[in-house]
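Throughout, read-outs are computed from the coordinates displayed, never taken from laboratory work. Here the structure is a predicted model, which means the values were calculated and not measured. Every residue, glycine among them, receives a Cβ derived from its backbone with ideal geometry; neighbour counts consider all protein chains shown.
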Amino acid sequence: MGFKIGLHTNGAFPSVLRRIVGLLDWVALDVKAPLSGEKYSALSGHNSSLGFVIQSLQILLESNIEYEIHTTYDPSILNNSEIEKLSLELHQLGVSSHKLQQMRSPSFL
């Protein structure tokens with residue numbers, strides 16, 4: 001039917017991404033914190049998540065598909081210098097599309 005296929009992922013399963021990347025037209029990868037440092041595991045709740053995210057990022061960078069790296073951050077957890085560090089790290093890896101957005105608290109809380 002000509003529909004394009006997109007995927008939003010946290011990058012936790014790079015082996016699956018590697019298998020399906022050729023079927024996709026676009027991927028959004030969630031990157032939570034700088035790729036160097038201790039905060040990634042704390043924010044994701046899993047000690048090995050950073051390694052998985054880096055592998056998924058490398059798969060995207062080696063592929064020919066469109067992608068965006070997304071970072072939704074809480075300024076009480078990630079400060080400006082950490083956000084700048086992440087942006088620089090991604091740029092140095094060759095990332096061409098990094099979208100930042102500050103989290104918003106739900107109005108009902």
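Out of the stretch 65-95, which residues are in contact with a helix residue (DSSP H, G or I) (Cβ under 9 Å, 6 or more places away or on another chain) and not acidic (Asp, Glu)?
Selection gives Ile65, Tyr67, Ile69, Thr71, Tyr73, Pro75, Ile77, Leu78, Leu90, Leu93, Gly94, Val95.
Tell me, yes or no, whether the stretch 62-70 has at least one residue that is farther than 17 Å from Lys39 by Cβ and within 12 Å of the chain's Cα centre (by Cα).
yes
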